[in-house]
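For reference, the structure discussed in these notes is given below.
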Amino acid sequence: MRVLGIETSCDETGVALYDTEHGLLADALFSQVAMHADYGGVVPELASRDHTRKLLPLVDEVLAEANLTRGDLDGIAYTAGPGLAGALMVGAATAHGLALALERPVLGVHHMEGHLLAPMLEDEPPAFPFVALLVSGGHTQLVEVQGIGRYQLLGESVDDAAGEAFDKAAKMLGLDYPGGPRVAKLAEQGDPKRLRFPRPMTDRPGLDFSFSGLKTHTLTTLRAFEAEGPLDDQARADIARAFEEAVVDTLVIKCRRALDQTGLKRLVVAGGVSANVRLRERLEHECAKRDARAYYPRGRFCTDNGAMIAYVGAQRLLAGERDEPGVFAARPRWPMDTLTPPETN
Ligand code: ATP
Ligand code: MG
Ligand code: FE
């Protein structure tokens, strides 16, 4: 089954073609990052408008890349939520319009299920069951995964997501949005021994996270430096390093706990922050120590993309799941543990 996947939940327009027999056929992405950069974050109305402009050209682009036409599609999947309401509506309306015109089935899928299953697109995909750490701009969650649609939430952030914390720390350090990769780059020049930031919620049992305190800690540290005189580049790098170490260490500690608690030996790490090199190094080390293995999406499928949506949609459409034609709604808030396994018929 050949499925077109459409992702428009935030500031990337992603489109891909996934074939249940032949795998990923093509994928294309247009990032709006440059457009939102002037505002220091995503402007919802601008995001929706730009998805409207870019989506159909990207659909044509992936079809051309795979040497196919619209008529060759067997189904269409789109991100129905969670995300920005207007941005989601662009993807939903376009997907349903195409489906009506082509008389093909269409299905709205969950964005975080997309992130979670993105490693399935790699050469050595993880087998079920596994523990998943979802770390993105809007989510930080640990999930026990028994199969597609069989998700048990083990813990999550009680305030900011890890990616959001990176973005806010970046802003304080005078770095552009999105801040994660930029903080990580600056941190390379930092001295890991100069400052130590707290590891929130690691001194008590449990798998929840809290990252808003680290943001405050970053600000307080910056103020303390500035009181001594103008902030030099080394101090900025040292703060970036201490911040990154604290986030990474906190994530690693909780992953270790989740593996111990569930007795599982496979760890999936997905979402934008899973691109972080230091996080990957630390998790590799931890997994090696306990005879476990970590799985990640390739770099460009860590952040938002159409391939993960095409993949999830294909699994569910193949099982017979579909939206009623012409009936759709954006679901800006949509808890992942309400999902169920693909219908089997
Ligand atoms: P969600 O998926 O929760 O709706 P989102 O789609 O905005 O949120 P993603 O696109 O998955 O999130 O990831 C973007 C986030 O990942 C940003 O917060 C960004 O700063 C962060 N990020 C990307 N690369 C890195 C990196 N190398 N180190 C740390 N953070 C990173
Ligand atoms: Mg994004
Ligand atoms: Fe995302």
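For this structure, a couple of remarks:
- The criterion of at least 3 residues that are of a type outside the set (A, V, I, L, M, F, W, C), touching a helix residue (DSSP H, G or I) at 6+ places or on another chain (Cβ under 8 Å) and surrounded by fewer than 20 Cβ atoms within 10 Å (Cβ to Cβ) is met by none of the strands (runs of 3 or more DSSP E) wholly inside the stretch 109-168.
- Here residue 194 does not qualify as surrounded by 15 or more Cβ atoms within 10 Å (Cβ to Cβ), away from ligand 3 (no atom under 16 Å from the Cβ) and either more than 29 Å from residue 341 (Cα to Cα) or of a type outside the set (A, V, I, L, M) (or both).
- Residues of the stretch 295-316 include none that is without any contact (Cβ under 8 Å) to a residue 60 or more places away in the chain and either more than 13 Å from ligand 1 (Cβ to nearest atom) or in a loop (DSSP other than H, G, I, E, B) (or both).
- Looking only at residues in the stretch 254-294 that are on the phi > 0 side of the Ramachandran plot and touching a residue at least 24 places away in the same chain (Cβ under 8 Å), the one that is farthest from ligand 3 (Cβ to nearest atom) is 291.
- A count restricted to the stretch 271-303 and to residues that are within 18 Å of residue 211 (Cα to Cα) and within 16 Å of ligand 2 (Cβ to nearest atom) stands at 5.
- Test: residue in the stretch 290-299 that is among the hydrophobic types (A, V, I, L, M, F, W, C), farther than 30 Å from residue 99 by Cα and crowded, with 21+ Cβ neighbours inside 10 Å: yes
- Selection status of residue 191, more than 19 Å from residue 252 (Cα to Cα) and either modelled with pLDDT under 95 or part of a helix (DSSP H, G or I) (or both): no
- Only one of 340, 303 that is of a type in the set (Ser, Thr, Tyr) and over 24 Å from residue 272 (Cα atoms): 340
The values are calculated or read from the model by the stated rules, or taken from the named source; none is laboratory data. These figures come from a predicted structure and were not determined experimentally. Every residue, glycine among them, receives a Cβ derived from its backbone with ideal geometry; neighbour counts consider all protein chains shown.
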